[in-house]
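Before any comments, here is the structure.
The values are calculated or read from the model by the stated rules, or taken from the named source; none is laboratory data. Quick caveat, the model's predicted, so the values are computed rather than measured. Don't worry about glycine lacking a Cβ; one is built from the backbone with ideal geometry, like all the others, and counts go over all protein chains shown.
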Amino acid sequence: MAFDKEGFSIDRKAGREGDASALAFTDDVRRKTDRLYPAVAQFIPEFEWRLHAPYIAAINDLKAEKNAVILAHNYMTPEIFHCVGDYAGDSLQLAKEAAQTDADIIVQAGVHFMAETSKILCPEKTVLIPDMRAGCSLASSITGADIRLLKEKYPGAPVVTYVNTTADVKAETDVCCTSSNAVEVVEWAAREWGSDTVLFLPDQYLARNVAAMTDVRIITWAGSCEVHERFTAEDIREMRRATPGVIVLAHPECPPDVLAEADFAGSTSGISNYVKENQPRDVVLITECSMSDNVAVENPNVNFVRPCNLCPHMKRITLPGILRALQTGEHEVTIDPEIIRRARAPIDRMLALPLTRQSMYTHEGPAEVAKVEARG
Ligand code: SF4
């Protein structure tokens with residue numbers, strides 16, 4: 001079972017809402033869910049499974065009835081990721097699945113910007129997010145108006161934004177990227193726009209990590225992920241002292257000095273692939289808490305050292321919330337059609353790029369943090 005830095009059980013936190021309005025664990029529920037339990041048994045004790053299982057059964061029944069799919073991000077808790085998610089992965093993988101699904105309803109088990117991305121790619125479908133408060137510190141750090149001011153300040157420089165942005169920001173963007181393709185997208189944009197400078201927004205840490213891997217001049221923004229920026233280089237050194245020989249895998253939203261202490265840095269899918277391919281004896285994933293649980297299911301011979309940071313936004317998505325969304329149609333994500341039209345182009349550009357490798361990161365590069373009048 002995973003614990004956050006304050007020592008709380010992640011699964012217990014995620015299950016609180018279920019405790020308050022528990023459905024019954026009937027024979028019918030047991031019949032529908034027994035085959036799912038082995039995958040999550042190492043994280044969810046049986047007494048807790050009896051709280052989750054009725055929701056899992058009801059959600060899977062309703063998905064079939066309503067032709068709905070659930071897109072589950074890697075940071076979802078195991079009972080969501082493994083037991084109700086139809087497609088699982090990082091932001092890029094989920095965006096691709098959203099673009100291809102023939103379901104009528106998409107339930108986004110992730111945060112709001114991901115649901116917006118699904119709506120942009122599938123405007124004719126109903127896209128639901130179980131909790132409208134599931135935001136993101138990166139997405140809320142910048143607005144479309146900020147981008148317009150930056151374009152005036154750096155004319156001719158292409159705008160590359162992380163997918164962790166709102167639809168309004170994407171509408172002002174030239175090409176989107178994720179942490180799995182950021183370096184390649186930046187270099188493509190520089191070539192395509194004939195510019196030695198790229199505006200890479202809004203994650204200042206990812207920008208510095210990208211800048212270390214390219215000769216393109218990077219202008220960034222003072223945004224950050226509130227989960228990954230809490231890790232420190234001293235945390236890593238402490239983990240190495242506690243577990244000699246441990247392999248440290250870090251997400252590139254962490255500060256550069258954290259990545260400098262890691263053995264490998266990559267997106268959540270890059271981290272997951274690293275574990276699968278290398279099967280380290282002991283590993284620690286320097287990212288959101290649920291990631292270790294979800295990767296551990298497919299790697300039973302790897303020992304996962306579990307210190308991690310919890311994303312409070314991701315943890316707003318719970319089984320009771322997903323069930324309510326399917327039952328009531330709450331909360332539907334709507335976006336102005338003109339914004340959808342403009343926001344789709346940078347996502348389509350990213351999805352069309354023939355990217356042949358995962359971006360990898362090593363150390364800090366020279367990114368310049370931009371300031372515009374609107375932000376002082
Ligand atoms: S982990 Fe960070 S980047 Fe991801 S949703 Fe949470 S705050 Fe945003």
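Per the conditions (1) more than 23 Å from PHE200 (Cβ to Cβ); (2) surrounded by fewer than 24 Cβ atoms within 10 Å (Cβ to Cβ); (3) more than 16 Å from the ligand (Cβ to nearest atom), the sole criterion not satisfied by GLU79 is (2). Here ALA157 fulfils each of the conditions (1) farther than 24 Å from SER224 by Cα; (2) buried (at least 20 other Cβ atoms within 10 Å of the Cβ); (3) touching a strand residue (DSSP E or B) at 6+ places or on another chain (Cβ under 9 Å) apart from (1).
For the stretch 316-329, the criterion of being within 16 Å of the ligand (Cβ to nearest atom), under 19 Å from GLY85 (Cα atoms) and in contact with a Lys or Arg (Cβ under 6 Å, 6 or more places away or on another chain) is satisfied by at least one residue.
Being part of a helix (DSSP H, G or I), among the aliphatic types (A, V, I, L, M) and within 22 Å of HIS112 (Cα to Cα) is not true of VAL183.
Screening GLN100 against (1) touching a helix residue (DSSP H, G or I) at 6+ places or on another chain (Cβ under 6 Å); (2) more than 16 Å from the ligand (Cβ to nearest atom) leaves a single unmet condition, (1). In the set (1) of a type in the set (Asp, Glu); (2) surrounded by fewer than 16 Cβ atoms within 10 Å (Cβ to Cβ); (3) within 16 Å of the ligand (Cβ to nearest atom), the condition left unmet by GLU298 is number (3). If you go through the stretch 45-84 and pick out every residue that is modelled with pLDDT of 95 or more, part of a loop (DSSP other than H, G, I, E, B) and not polar (S, T, N, Q), you end up with 5.
Can you name the number of the only condition in (1) part of a helix (DSSP H, G or I); (2) over 15 Å from the mean Cα position of the chain (by Cα); (3) within 16 Å of the ligand (Cβ to nearest atom) that MET132 fails? The single condition MET132 does not satisfy is (1). Within the stretch 253-266, does at least one residue satisfy the condition of being within 16 Å of the ligand (Cβ to nearest atom), in a strand (DSSP E or B) and modelled with pLDDT of 95 or more? Checked the stretch 253-266: no residue is within 16 Å of the ligand (Cβ to nearest atom), in a strand (DSSP E or B) and modelled with pLDDT of 95 or more. Within the stretch 113-124, one or more residues are more than 22 Å from SER179 (Cβ to Cβ) and either without any contact (Cβ under 8 Å) to a residue 24 or more places away in the chain or within 16 Å of the ligand (Cβ to nearest atom) (or both). In the set GLU229, GLU288, only one residue is touching a strand residue (DSSP E or B) at 6+ places or on another chain (Cβ under 7 Å), within 14 Å of the ligand (Cβ to nearest atom), of a type in the set (Asp, Glu) and within 26 Å of THR161 (Cβ to Cβ); that residue is GLU288.
Residue-wise test of (1) surrounded by fewer than 19 Cβ atoms within 10 Å (Cβ to Cβ); (2) of a type in the set (Gly, Ala, Ser); (3) within 16 Å of the ligand (Cβ to nearest atom); (4) at negative phi.
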residue	(1), (2), (3), (4)
GLU152	yes, no, no, yes
ALA189	no, yes, no, yes
LEU199	no, no, no, yes
MET213	no, no, no, yes
